[in-house]
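For reference, the structure is listed below as structure tokens.
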Amino acid sequence: MNRGKMILSIIALIIIAGLLFTVASPILVVAEDSEEVTPGIDMAASFSLFGGFQWVYPGSSVNEYGQTLHNVHLDNPDDPYGAARDIITYSYGYTPHLIVSVNNDAAEAIFGGSIVDDIRANDAYNGYAGSENVQGTMSRGDAVGTAMANDGMNVFQIPIQLLMGNIKPIFV
């Protein structure tokens, strides 16, 4: 088997395994801002075959100690994804066994170079009225969904971003 076919087979197996995981529990997809000094989870969604995407707000997703999903790298630097799993279990009642981390580079490659700016243009911090810094009127989930729908998706970038390490599957 040549190298290209082997890589495509591995990617196909990862995708199939990920879809099978959704039968047992939803996958948690997290958007991490790699440009911040301490990375933070800026947005998240659970994905399952039967339920599709459900937005998860990192600032209001907490564990029993009040630590937020947004700050898992700061609060739990040794095991941020284990902490993310525990926060989702505590806040939403399901336990993800697979977390898929997507950084800004992957988002821009998949949805276009303006995706982050398009989200920020519509985001009004969970529905509060805009300010001079944030003009949007949408919740973060609606802002992300609208930007993704408007910008379109280049699905061919997904395996490329996986290979580049900009999309990371993490089994927890």
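The values are calculated or read from the model by the stated rules, or taken from the named source; none is laboratory data. Since the model is a prediction, treat every value here as computed from it, not as a measurement. Cβ atoms come from the backbone with ideal geometry, glycine included; neighbour counts cover every protein chain shown. Please note that ligands, DNA and RNA were not included when accessible areas were found on the heavy atoms of the full protein model with its side chains. Shrake-Rupley method; radii C 1.70, N 1.55, O 1.52, S 1.80 Å.
Key figures for this structure:
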| read-out | value |
| --- | --- |
| Distance (nanometres) between label positions extended 7 Å along Cα→Cβ at Asn2 and Thr89 | 4.6 |
| Under the span-like rule (Cα at least 15 Å along the axis, Kyte-Doolittle mean at least 1.6), DSSP H helices of the chain | 3-24 |
| Accessible area of the chain divided out per residue, in Å², using a probe of 1.4 angstrom | 56 |
| Order by protection proxy (mean Cβ within 10 Å, highest first), peptides 143-152, 78-87 | 78-87, 143-152 |
| Relative contact order of the chain, pairs being alpha-carbon contacts under 8 Å that are 6 or more residues apart, as % | 19 |
| Where labels lie 7 Å past Cα in the beta-carbon direction, separation of Met164 and Trp55 in nm | 2.7 |
| Fraction of accessible area attributable to carbon and sulfur, the chain (%, probe 1.4 Å) | 59 |
| Per-peptide average of other Cβ atoms within 10 Å, ordering 65-76, 94-105 highest first | 94-105, 65-76 |
| Options (i) 17.7, 56; (ii) 16.4, 57; (iii) 21.2, 76 - which one matches Rg and Dmax of the Cα atoms in Å as calculated here | (ii) |
| Peptide ranges 49-62, 4-17 listed from the most packed, as the mean C-beta count within 10 angstrom indicates | 49-62, 4-17 |
